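To keep things clear, I will list the structure first and then write my remarks on it.
The values are calculated or read from the model by the stated rules, or taken from the named source; none is laboratory data. The structure displayed is predicted, hence computed values, not measured ones. In this analysis, Cβ positions are derived from the backbone assuming ideal geometry, glycine residues included, and neighbour counts consider all displayed protein chains. Side chains included, ligands, DNA and RNA excluded: accessible areas come from the protein's heavy atoms. Shrake-Rupley method; radii C 1.70, N 1.55, O 1.52, S 1.80 Å.
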Amino acid sequence: MAQPTYHIACLPGDGIGPEVTRGAVTVLQAAAAAYGFRLEFSEHLVGGAAYDAAGTPFPDETRDACDRADAILFGAVGGPRYEGLPWDLRPEAGLLAIRKRYDLYANLRPILLYPPLKDASPLKNEIIGGGVDFIIVRELVGGIYFGEPRGIETLPDGTRRGVNTEVYTDAEIARIARMGFEIARGRRRRLTSVDKGNVLEAGKLWRTVVDEVAREFPDVEVEHLLADNAAMQILRRPGDFDVMLASNLFGDFLSDEAAMLTGSIGLLPSASLGAARNRFGLPKGFYEPIHGSAPDIAGQDRANPLAAILCGAMLLRHSLGREDAARAVEQAVAAVLEEGLRTADITVPGTAVLGTAAMARAVADRVH
Ligand code: NAD
């Protein structure tokens, strides 16, 4: 039987983006070889690199390539050189254009503490000792970051007033909730929904709709937490969570808080999924490490490629339906850490430090 071929648009971007993305491609190719499918990568400009070459952070050529692709693998964008540009020419505008174009309403951020890195976590062993493995599912295109009315106005008496609006429709809540429940079904079947229904109407509706959607998933256990309490419980009992569902605002805060549990920003992948489907009927996802372009270490082969590599695993799982290969990549990452291989950001005195390319090669060699 012919091997399936998947098309991936690769957008390395700026700073360490190209280095870590190259590492992810190396590992993805190893996974394709091991599991009998083909990956075709096409590389396109985005962010500052695209602005330098084409005068825009999201050129038409890149957009068309993303339209054709089954999934998009993204590095990072930005850098001090671009900070003075008008908003629509700044590198981040390229990122937002992609989120908007594919209505990427769900941001998935796994929070996984690798046992050999326990000492890199700021939490005590007695709290994280039992393991930390949950995923935050954050609504990404609604809520207070987009709600109208918004703005800063000056009233007739000279008072200045800043306004933002937390607004969610039942349909917006239901689709992200459904995504959360589906993901919980593939994990330990527990979902924690976060809201502020005690003081916000949008939060009250959030809880009501989550409970309505929960009826479609009787096999998933549901817990509701107020957002302030959720922030506390992440530090108190992080091992209890499986899927944490949150609005755009609360998900933003809680995912950064939770990321701290795991050691280094260079380890954390994310996926953004939406309604857009690829040729296989699966989400045409957008996969990016949570770190930025790290101009301080760019071009020095010092960046940790594991976040980008783990983005590759998420891409295999969510956009290509290759759970087998996704797990193999995740196990290979766990294996290199178990063996004590480290990049500079997670090293401890006495261990040898690998560069970006060598670390990626080490992971690729362990994908079986
Ligand atoms: P950053 O994530 O780029 O770097 C923060 C710190 O973490 C730096 O010390 C950096 O060296 C380190 N770091 C980041 N990734 C690492 C990796 N893979 N391995 C080892 N160390 C790593 O955040 P910043 O310094 O605030 O931002 C730098 C630029 O990146 C800015 O222009 C910012 O706008 C942009 N940015 C882009 C994205 C994105 O593309 N999604 C996200 C955040 C920031």
Next on the checklist: I need the full set of residues from the range 185-242 which are of a type in the set (Asp, Glu), in a helix (DSSP H, G or I) and within 30 Å of GLU126 (Cα to Cα), in order please.
Outcome noted: ASP228, ASP240
Checklist outcome for this item: Subset of the range 140-159, residues farther than 30 Å from ASP345 by Cβ and surrounded by 10 or more Cβ atoms within 10 Å (Cβ to Cβ), comes to VAL141, GLY142, GLY143, ILE144, PHE146, GLY147, ARG150, GLU153
Checklist entry - Can TYR82 be described as of a type in the set (Ser, Thr, Tyr), modelled with pLDDT of 95 or more and closer than 30 Å to ARG178 by Cβ? => result no
Checklist entry - Does PRO86 satisfy the criteria of being surrounded by fewer than 14 Cβ atoms within 10 Å (Cβ to Cβ) and touching a residue at least 60 places away in the same chain (Cβ under 8 Å)? => result no
Item to check | Whichever residue in the range 68-109 is more than 10 Å from the ligand (Cβ to nearest atom) and of a type in the set (Val, Ile, Thr) and, among such residues, is nearest to ILE297 (Cα to Cα) | outcome: ILE72
Item to check | Residue that is more than 25 Å from ARG302 (Cα to Cα), within 16 Å of the ligand (Cβ to nearest atom) and out of contact with any Phe, Trp or Tyr (no Cβ under 9 Å at 6 or more places or on another chain), where the choices are THR62, THR26 | outcome: THR62
Checklist entry - How many residues does the range 138-153 contain that are in a strand (DSSP E or B), more than 19 Å from the chain's Cα centre (by Cα) and touching a residue at least 24 places away in the same chain (Cβ under 8 Å)? => result 0
Checklist outcome for this item: Of the residues in the range 270-296 that are of a type outside the set (Ser, Thr, Tyr) and part of a strand (DSSP E or B), the one that is farthest from the ligand (Cβ to nearest atom) is ARG277
Checklist entry - Pick from the range 11-23 the residues that are assigned to a helix (DSSP H, G or I) and more than 8 Å from the ligand (Cβ to nearest atom): which of them is nearest to LEU73 (Cα to Cα)? => result THR21
Next on the checklist: Every residue in the range 111-137 that is open to solvent by less than 30 Å² (accessible area, probe 1.4 Å), of a type outside the set (Gly, Ala, Ser) and within 17 Å of MET260 (Cβ to Cβ), please.
Outcome noted: ILE111, LEU113, TYR114, LEU117, ILE128, VAL132, PHE134, ILE135, ILE136
Checklist outcome for this item: Subset of the range 154-178, residues part of a helix (DSSP H, G or I) and in contact with a Phe, Trp or Tyr (Cβ under 8 Å, 6 or more places away or on another chain), comes to GLU172, ILE173, ARG175, ILE176
Item to check | Checking LEU226 against (1) within 25 Å of ALA364 (Cα to Cα); (2) in contact (Cβ under 8 Å) with a residue 12 or more places away in the chain, the condition it does not meet | outcome: (1)
Checklist entry - Quick one: would you say GLY162 is farther than 28 Å from ARG215 by Cβ, surrounded by fewer than 21 Cβ atoms within 10 Å (Cβ to Cβ), in contact with an Asp or Glu (Cβ under 9 Å, 6 or more places away or on another chain) and not acidic (Asp, Glu)? => result yes
